[in-house]
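Notes to accompany the following structure.
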Amino acid sequence: MSKTVARVLAESLKAHDVDLVYCVPGESYLGLTDALSDMNSIRLAVCRHEGGAAFMAVADGRMRDRAGVCVVSRGPGLSNAMLGLHTAFHDATPLVMLIGQVERKDYGRLALQEQNYSRLLSDVTKSVIEVNEPEMASEAIARAFHLAESGTPGPVAVVLPEDIFADETDVPIDQPRPRVYPGPRPEDLERLADMLAKAERPLVWVGGGLIGESVTDDLRRLAETWMLPVSPTHRRPCHFDAAHPNYGGYMGIRVPKPLLDEMKKADLLIALGERITDSVSQSYTFPTAPQPQLPLVHVWPDPNEIGRVWRPDLGIVSDPQALIRGLLARTPPADAAKRSGWVAGLHAIHRKLMAPEWEATSDGINFAAVVVEIGKHLAPDAIVTSDAGNFSSFIHRYIGFRPGQTFLASVVGAMGAGMPMAVAGGLRFPGRQVVAFAGDGGALMTGNEIATARQYGANPILVISDNSMYGTIGMHHEMRYPGRPYVNATRLTNPDFAMWARSFGAEGITLTAAADVPDAVRRAFAVKDKPVVLHVHTSADQMSAWRRRA
């Protein structure tokens, strides 16, 4: 029996367990939205900007370990959404983006909003699939999900001409391809176990590839039985319990000198589910690229990534959880306790660095006071999101994440991710506590998605650090050109964010004095039936959690 391509696409999405699609409506794919309206099992979340919609789909991909789905119109719609594609590509997050296109008869004529997506998206997607025949539609969806979720996860674009949705085909729905999980070879496990047995000061970094049911519990047991220090990497803080004695410190961007100096005494580094980037490696200095200064074991599910930048002593193409379970099945070293002092020393530095201590500031509230107070209110299953900026350093310094909590952000550092990702968290897990952090710059990039939150009943708390400047850029300017003025290039004129929040129907709370922090935070968490914006007038002199202007 023939079906329209629009119906085939909708049923193909359903076959791939898609229950939530983010979009900004566009005339180039009206056939698909019409078909989706008949699919009661698939919700369509209409957003206010394609950048926000794409960030929501990226967050959904992280939370489900399945490709998030975003639909955008051609030309400007896709261009706005490229923020999400860039984030998904660099963050190794599965995403399927469906893109409307001009009618097939108009290809190559520079029709309204026409673009060549195979050329435009070649550097920010794993693949661009153009559907030009009705018989291709279901297969294209199946291939897109398979590519997005396999190997190094990432974004795949599916291009759909406006006139194809009404065409009919009798090709059956292409079912999902089984997911393939690579595992370590026995000889690789043997060699890794031998390297760990001989190491006196090993380090284990765990990154975004560490996803799977019970994986955090398996990792905890491995750390305890093999006596290993575990360090979550940049913007992946919830991968290991910050209060656990085997927590070896947060390996984020610009690691504090006391911790980094101690880590550099390591005699073995295991990057477990961590791609290793310039941020994690402290600008390619630890480990040094391309030749590391210490033995390196790199575990990643894609052979094309291992050895691409660093030469590892041992590269293992494996799902990280499979490797963890492989080690757990082996007998740990009899003298593993010899590393207890090394592990305890790293953990002591970590505990000292995250102690709830800060200095008062005269030009606004030290954001540390707010973040510490918020940490006291976070539920065991809280979802925390963050925009990009120096303010986020306070989150990583002062909030000790626990198993069961979720942290979402653009690891590559795209501004504007905080609020959309919080909306996605609220839609995916209704009833869970959601807290978003943003600077005054990022808040106005996609903060309009408060309207989306209101429309669909998501109620996140958005904490805005307002120091009236692009703080990260100001810090970099001062570091590179000391004594030179930078205000003209970084200064911002901001609205009253609390009043702005109320215009959406959200709660708005203004915070100007450090003494009022506990009460303001308590009030924010007491609101349950609407989003909340906590507008914090923060210090510009306290440039980050670790750096203060002289």
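Observations, loosely collected:
- For segment 367-537, alpha-carbon Rg relative to the globular expectation (2.2 N^0.38 Å, N residues): 1.00
- Gain on full stretching of the segment that runs from residue 338 to residue 309 - 0.36 nm per residue minus C-alpha separation: 7.2 nm
- If the segment from residue 283 to residue 351 were pulled out straight at 0.36 nm per residue, it would be longer than the present Cα-Cα gap by 22.0 nm.
- Gyration tensor (alpha-carbon) shape descriptor, segment 186-353, a/c threshold 1.5: rounded
- Number of Lys-Lys pairs in the chain with C-alpha atoms under 24 Å apart and a separation of 8 or more places or on different chains: 16.
- Using θ = phi - 60° and Karplus 6.51 cos²θ - 1.76 cosθ + 1.60, couplings along segment 166-172 (whole Hz; Gly, Pro as x): 8, 5, 10, 8, 10, 5, x
- Shape of segment 3-169, Cα gyration tensor, a/c cut at 1.5: rounded
- Antiparallel DSSP beta bridges within segment 367-537, as percent of all bridges there, nearest 5: 5
- Here is how the number arises for the chain: DSSP H runs of 4 or more residues each give -39500 (n - 2.57), the sum is divided by the residue count, and the result at 222 nm is -10500 deg cm²/dmol.
- DSSP bridge analysis restricted to the chain gives an antiparallel fraction near 5%, rounded to the nearest 5.
- Spin-label pair residue 41-residue 166: with each label point 7 Å from Cα along the Cα-Cβ axis, the two points sit 2.9 nm from one another.
- Share of Cα-Cα pairs in segment 460-550 lying beyond 24 Å, as whole percent: 32
- Ranked packing of 507-520, 88-101, 455-468, 351-364, most packed first, by mean Cβ within 10 Å: 88-101, 455-468, 507-520, 351-364
- For residue 507, nonlocal amide neighbours, meaning residues 5 or more places apart or on other chains whose placed amide H falls under 5 Å from its own, are 532, 533.
- Contact order, relative form, for the chain: 12 percent (alpha carbon pairs under 8 Å, 6 or more residues apart, mean separation divided by residue count).
- With 0.36 nm allotted per residue and the present C-alpha distance subtracted, the residue 111-residue 132 stretch has 5.9 nm of extension available.
- Per-q log10 I(q)/I(0), the chain, q = 0.08 Å⁻¹ (Debye; single scatterer per alpha-carbon; no solvent): -0.55
- Computed from backbone phi with θ = phi - 60° and the Karplus coefficients 6.51, -1.76 and 1.60, the 3J(HN,Hα) list for segment 339-348 is 8, 4, x, 5, 5, 5, x, 5, 5, 5 Hz; x is used for glycine and proline.
- Nonlocal amide H pairs with residue 437, under 5 Å, H built at 1.01 Å: 385, 386, 387, 463
- Phi angles of segment 408-425 translate, via the Karplus equation with coefficients 6.51, -1.76, 1.60 and θ = phi - 60°, into HN-Hα couplings of 10, 6, 7, 4, 6, x, 6, 6, x, 7, x, 6, x, 5, 5, 4, 4, x Hz per residue; Gly and Pro are given as x.
- Estimated FRET transfer efficiency when R0 is 22 angstrom, pair residue 473-residue 122 (beta carbons, to 0.05): 0.15
- DSSP bridge pairs, segment 451-550: antiparallel proportion in percent, nearest 5: 10
Each value in this text was obtained by applying a stated rule to the coordinates, not by laboratory testing. The shown structure was predicted, so the numbers you read here are calculated from the model rather than taken from an experiment. Glycine gets a Cβ as well: all are built from the backbone with ideal geometry, and neighbour counts include every protein chain shown.
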